[in-house]
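Every number in this text was worked out from the coordinates using simple rules, so none of it is lab data. Just so you know, these numbers come straight off a predicted model, no measurement behind them. In this analysis, Cβ positions are derived from the backbone assuming ideal geometry, glycine residues included, and neighbour counts consider all displayed protein chains.
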Amino acid sequence: MENPQVKYVQRFTVFPRFLHFLVIISFLTLAVTGMALKFASETWAEIIAELLGSFEVLGALHRLMAVVTFIYFGLTFILMYQNWRKSGKSLLQFILYKDSMIPNLNDAKELVQTFRWFFGLGPQPQYGRWTYWEKFDFMAVFWGVAVIGGTGLCLWFPETFTLVIPGYWINIATIIHSDEALLASGFIFTVHFFNTHLRPEKFPMDPVIFTGTMPLDELKHERPREYAELVASGKLDEVIVEPVPRWFFVISHIFGFTALGIGLTLVISIIFSMVYLYL
Amino acid sequence: MIQADLKRIGLGGFFLIIALFLVLKPVTVLAVTDDDCLDCHSEEDIVAEKDGEEYSLYVDEQVFLNSLHGENGCVSCHEDAEVEGDEHPFPLARVDCANCHDEVGEIYANSLHGQALEANDPYAPYCSDCHGKHDILSHDNRKSRTFIMNIPFTCGGCHREGTGMTKTHDISKHNVLENYSMSIHGEGLLRKGLTVTAVCSSCHTSHNVLPHTDPNSTISRQNVVKTCMKCHANIEDAHTKIIRGELWEKEPHLIPACVECHGPHKARRVLYEDSLNDLFCLKCHGNPDLKKIMANGDERSLYVDVDNFEHSIHKEKRIACAKCHVNMDHKNNPVCQDSGKVDCSICHAQVVDTYNKSTHGMLAAKNNKNAPICTECHGTHGIMPKSNYESPIFARNIPDLCGRCHREGEKAALLYTGTQHDIVKHYQMSIHGRGLSQSGLMVSATCTNCHTAHSVLPASNPESSVNPKNIISACAQCHLGIAEKFSSSIHSPLVSKTDKKLPVCNDCHTSHTISRHDTAGFRGLILDECGTCHEHETDTYFDTYHGKASMLSGGEKTAKCSDCHGAHDILPAYYSGSRLNRRHVVETCKKCHPGSNRKFTGYLTHATHHDRDKYPYLFYTFWAMTGLLVGTFAFFGIHTLFWIPRSFRERFKKRRQHSRQAILKKDDDEKS
C-alpha cells in the first residue's frame, strides 16, 4: 500500500465482508444491551442504560439486532449456496472437502501440528484457506445464533411460546440464552480478537475482513498451502488485485478499532464484574 | 355568785338600787306589769356597775314595744324579776331564750358558739349578741341585726380581724370579713345591694355554726357542695369543661369541692372585669416601653399589643386579662406584681392534662427551656382559632410551626437521636406536604394529624399515635378504605397471629417522604421495603428479568412486589382472595402481559439456579452451560497462552527478514 510494489490478493468478496459487517454491528449491540441487563446491578450497566435512555431502549435495540442476526443467518445460507454452485462440487463433496467451512480430519491434524509448533517441535503447519480456529469461529457463530436466537425468541414471545411449553421453560431459556451469550461474547472479545487481530504477528488488527485484500507475502507466509494450490492451479494471477484506496483503508481501521475497543471494554467490564460478584 | 357580784358593785350603786326598790315597792305588790318595770328602767340614767364599769339598765319603752317581744311582758323572759314586793333579785339571771325557742336553743347549744359558752369562753356569743335584747327585730326588718344586709357586720363584730375574739382564737381563715367584702358575694351584697347574695349565715347557718372539720357542718367537705348548690343549682353545667358530669353524682369525693377552687371567703369575682377591667391593665401594659428587669439582668418587655389582642379568640369570647392572669392581689402595687405565669389549665384542663403526658409536657415539667409550652405554638395575647388563616395552628402553617424546632439543625432536631432526618424538608416534598402547600388541599395531613397536637410522643412509646400499634388508626383517619382493606391482609395482626414484626403503613410508605405509589421513587423503594423482611424473595426476584430490569434506568416500570402480590390486600397464594391464587393469577399477569395464559403463569418469578432441590432443571441447566463455558475458555485459553510466545518469535523473524531484505536491496541499489 505505502509500498506500491507490495502485491495484494483478494481474500473476501463484498458479500462475506458485508455479512461480517452485519455481524459486528448486531453482535456488539446485542452484547452491550444484553450484558447491561445481565449485569444490571453493576455501575457500567446502569451507565449504558442511562446513556441509551432506559431499559426499554436496550430491549428495543436488542430485538432490532436480533432481526439483523436472523437476516445475516439467512444470508449466510445464500452465500454457502453460491459458493457451492461456484465450486461445481456435489453437496456432499462441498461439505466434506478440506476447504469446506465444516471442520474435518485435516483440521484435527493441523491442530496437533500447531501445538507442536507452539512448543518448537515442528514447523508452522501448512494452513490452507481456513484454519481450524477460523472454522471454529464460524461454527460457533452458527451454533450461537441457533441457540441464542431460539431461546431469545422464547423470551421475546413468552405468551405465545407458553401456549406449547411450560412456563418454567422460560426460566431455562433465560439461563441458556444468557450463559450462551456470555460464552459467545467472552469468546469473540478475547479468543477471536487475539487470534485474528491482537496476536503479535497481526497487532493491532487485521483489516482483511473490511478491505477484502491481504498482502501476497502474508498469504505466502500464513497460508502456504492455499498459496501453493493457487500457484499450482495457476489461479494466483486471478486473485491478485489492486490495493484498496487509502481512504477505505483508514475507514476500515477506524471502524475496526472502534469495534475492538467496544468489545474489549465490555469484556473487561464483564470479567471485572464476575470476579467482583462471585468472589 | 350573786354575793360575789354584789361585792363587785360599788357602794353608790348599791344605795341607788335600794332606793329604787323602795320607790317601786308599792307598785309591785300585785302582779308585776311592764309598767312596774318601766317605772325604774325607763329612767335613762339608770346604771349598774360591773368590774368598775358602769352599764346602763335603761330600756327604751318605744323600742321594746316595737320589738318582736313587745307584746310579751318583761317577766316572760326575766322570770326571776317576778317577785312580790319592790325588789327583784339583782342582778337578774341571764335570760334563757330556750324556754320559748327550745329547738333553736338545742341547736345552738351543740354549735361551736354554744359549746364555747358551755366552756365559759368569754367571747362565746349568746343569743342576744346577735339578736339583741329588748330590741329584737324580725330578720325581715332592715334594722334588724339579723337582716341579711347586716349579717356580715353582726358576725364581723367578733370575726373582724383585730377583735378580742380573733386575737385569742386560732381560726385558720384570716381577713374573713375583708375578703368577703371583696368577693362576688360581698360585692353583691355591699355594692349592689342584692339581698339574694350569700352572707355568713347562708353558708355557716345561723345557729348551727360548726367547724368545717365537723362532718355535720354545712361547710364540711361532704356538705359544702350541697350548701353552695342551695343557690348555684345548675353549677354542674358550668363546670363540664373542668369536671366530668357523672362524677358529681357517682364519686363526689374524687372531684374538688367548690371551696377548693373558689376560696371560701375570696370568691373570685373580685378580680373580674368590674373590679379590674382590661383598660386598667392597659394603662401600664399599653405602653410599648414597659419593661421588666429580670433577676438575671435581662430586660423583658411587658407591652401588650392591643390590636393583636383585639383579633384573638379570647377577646371574641370576652375573656378579660384577669381571667388568665389570676394571681392578682389588691395588696400589691401594682396588683399584678409577681402574678407568675398564666396557667391555661384553668379553662383548658383536659388539653393541658394531655399535654402534660406528652414529650413536650414532660420536658416542660423538667424545666427544659427548649420545651414548648402552650404559648410557643398558640401565641400569647393574639391567640387565634385554628380556622384563622393567620393562626400559627392553621393547618397550612403547622409544618412551619413545628419546623421552628424540628427543622434540621434546630433545637428539637438536635435533641433527637432517632433515624428520621430533614423531616420538615422531606414532608414538604411528600404527597401530604405538596398537597397542603402547593395544591392548597386542606384535607392533607400535617404534623398534627399523625402526631396529634397535644399528646406528641415518640413512636417508640406505646401511647404514641405513631407507634406501630396505633399508626394504622392514625392513617385511617383519612385513609379508612385502605385501612379496612389492610385489616384483612396477611400483614394485619387480625389475620396473622405471629410474634414477628408485621409491617404497618410507614414501613412501606415511610413517614415523612410519603409519595404517590405510582412515582418512580416509590416504586423503586418497594423492593427495599419488602426486602427488609422478605430477603430471600427479593434476592431471587433480582435473578429474574423483572428484578434485573428494575435496577436499570426506567426500571420502575417493571413488575414490583405489589404489582403481583397486591399492596394492602396482600395474601399468600393459597388464600382464595390472593391475586396469585389459581383463580386470579392469569388476570394478575394480564395487567402487563395481555397474552397471558395458564401455562405462562408457570414462569418462576423468584427462580434461582442456585437451589438444586427446589429448581433442579434450572440448577442443572446452569451448570451445564457453565461447564460448556469453562471448557471452551480452558481450551482456547491454553491455546492462546502457548501461541503468544510463538507469535512473538514469528513477528521478530519477519522483522529480521524485512531488514535483511532491505539491506540486500540497498546493496543491490548501490551496486547498480
Inset, instruction - Could you please report the charge total around residue B:536, scoring K, R as +1 and D, E as -1 over all other residues with beta-carbon less than 13 angstrom from its beta-carbon? - result: -4
Legend entry - residue B:192 paired with residue B:237, simple spin-label distance in nm, labels 7 Å along Cα-to-beta-carbon: 1.8
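Sorting B:660, A:199 on the 10 Å Cβ count, fewest up front, what's the list?
Working: B:660 10, A:199 19.
Going from sparsest to densest Cβ surroundings: B:660, A:199.
Nearest 0.05, what FRET efficiency do residue B:439 and residue B:517 give at R0 = 22 Å with Cβ-Cβ as r?
On the way: r = 18 Å, r/R0 = 0.81.
Step by step, r from the Cβ atoms, then E = 0.80.
Can you give the extra length, in nm with one decimal, that the chain gains between residue B:337 and residue B:534 once fully stretched, where that is 0.36 nm per residue apart less the Cα-Cα distance? Numbers along the way, then the final one.
Details: separation 197, 0.36 × 197 = 70.92 nm, distance 6.59 nm.
Stretched fully, the residue B:337-residue B:534 segment lengthens by 64.3 nm.
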Legend entry - Under the span-like rule (Cα at least 27 Å along the axis, Kyte-Doolittle mean at least -1.0), DSSP H helices of chain B: B:616-671
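Looking at region A:131-279, what % of the alpha carbon pairs are farther apart than 24 Å?
Details: 5812 of 11026 pairs.
For region A:131-279, the fraction of Cα-Cα distances above 24 Å is 53 percent.
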Legend entry - Exposed chymotrypsin sites (Phe, Trp or Tyr not before Pro) absent: longest stretch of chain B, with sites in DSSP loops and at most 10 other Cβ within 10 Å deemed exposed: B:1-388
Inset, instruction - Report, to the nearest 10°, how far helix A:224-233 tilts away from the longest principal axis of the Cα atoms in chain A, using its own Cα long axis and a range of 0 to 90°. - result: 50
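Suppose we look only past 47 Å in the calculated P(r) of the protein assembly as shown. What percent of the Cα-Cα pairs does that tail hold? All intermediate terms of the calculation are to be shown ahead of the outcome.
Working: 278863 of 451725 pairs.
Taking all Cα-Cα pairs of the protein assembly as shown, the fraction more than 47 Å apart is 62 percent.
On a full-extension model of 0.36 nm per residue, what is the gain between residue B:419 and residue B:461, subtracting their alpha-carbon distance, rounded to one decimal in nm? Intermediate values should be presented prior to the final figure.
On the way: separation 42, 0.36 × 42 = 15.12 nm, distance 1.54 nm.
So the chain would gain 13.6 nm between residue B:419 and residue B:461.
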Legend entry - Cross-link reach list, lysines versus residue A:202, counting only Cα pairs under 23 Å and skipping chain neighbours closer than eight places: A:7, A:135, A:220, B:653, B:654
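Please give the FRET efficiency for residue A:217 paired with residue A:50, using the beta carbon to beta carbon distance and R0 = 60 Å, rounded to the nearest 0.05. Numbers along the way, then the final one.
Values: r = 48 Å, r/R0 = 0.80.
Given R0 = 60 Å and the Cβ-Cβ separation, E is 0.80.
Can you give the helix-only mean residue ellipticity at 222 nm for chain A, where every DSSP H stretch with n ≥ 4 adds -39500 (n - 2.57) and the sum goes over all residues, rounded to the nearest 500 deg cm²/dmol?
Working: 13 runs with 194 residues, N = 279.
Estimated from H runs of four or more residues: -22500 deg cm²/dmol.
What Kirkwood hydrodynamic radius, in Å, does region A:26-126 give when the mean of 1/r is taken over all pairs of distinct Cα atoms and then inverted?
Numbers: mean 1/r = 0.0573 Å⁻¹.
It works out to 17.5 Å.
Give me the number: length gained by fully extending residue B:71 to residue B:452, i.e. 0.36 nm times residue separation minus the C-alpha to C-alpha distance, one decimal in nm.
Working: separation 381, 0.36 × 381 = 137.16 nm, distance 7.66 nm.
Stretched fully, the residue B:71-residue B:452 segment lengthens by 129.5 nm.
Residue B:586: net charge of surrounding residues, Cβ under 15 Å, Lys/Arg +1, Asp/Glu -1, itself excluded? Before the final figure, lay out each step's value.
On the way: positive: B:579, B:582, B:583, B:590, B:591, B:598, B:599; negative: A:159, B:563, B:587.
Computed value for this residue: +4.
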Inset, instruction - Take the Cα gyration tensor of region B:350-515, multiply each eigenvalue by 5, square-root it, and list the three semi-axes largest first, rounded to whole angstrom. - result: 28, 20, 15
Legend entry - Projected label distance in nm at residue A:257 and residue A:159, using a 7 Å step from Cα toward the beta-carbon: 4.8
Legend entry - Residue order, fewest to most beta carbons within 10 Å, for B:121, A:137: B:121, A:137
Inset, instruction - In nm, give the distance between the simple-model label positions of residue B:80 and residue B:296, each being 7 Å from the Cα along the Cα-to-Cβ direction. - result: 7.6
Inset, instruction - Could you tell me which trypsin sites (Lys or Arg not before Pro) in region A:182-272 are loop residues by DSSP with no more than 11 other beta carbons within 10 angstrom of their beta carbon? - result: A:235
Inset, instruction - Treating the Cα atoms of region A:214-279 as identical point scatterers in vacuum, please give the log10 of the normalised Debye intensity I(q)/I(0) at q = 0.28 Å⁻¹, two decimals. - result: -1.07
Inset, instruction - Could you estimate the translational diffusion coefficient of region B:560-672 from the Stokes-Einstein equation, with Rh from the Kirkwood formula over C-alpha pairs, at 37 °C and 0.692 mPa s, in whole µm²/s? - result: 160
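Under 27 Å between C-alpha atoms is the cut-off here; go through region B:420-539 and count lysine pairs that meet it, provided they're at least eight residues apart or on different chains. Each step should come with its number before you reach the end.
On the way: B:425/B:469; B:469/B:485; B:469/B:497; B:469/B:500; B:469/B:501; B:485/B:497; B:485/B:500; B:485/B:501.
Step by step, the pairs that qualify in region B:420-539 add up to 8.
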Legend entry - Principal-axis tilt of helix A:14-38 within chain A, Cα atoms, nearest 10 degrees: 30
Inset, instruction - Quote the charge dipole size of region B:50-104 about the Cα centre in Debye, to the nearest 20; the model charges only the Cβ of Lys and Arg (+1) and of Asp and Glu (-1). - result: 140
Legend entry - For chain B, alpha-carbon Rg and Dmax in angstrom: 49.3, 203
Inset, instruction - Putting +1 on Lys and Arg Cβ atoms and -1 on Asp and Glu Cβ atoms, find which of B:573, B:597, B:558 reaches farthest to the positive end of the dipole of region B:516-602. - result: B:597
Legend entry - Hits among aspartates and glutamates - C-alpha to C-alpha of residue B:315 under 12 Å, sequence gap 8 or more where chains match: B:278, B:307
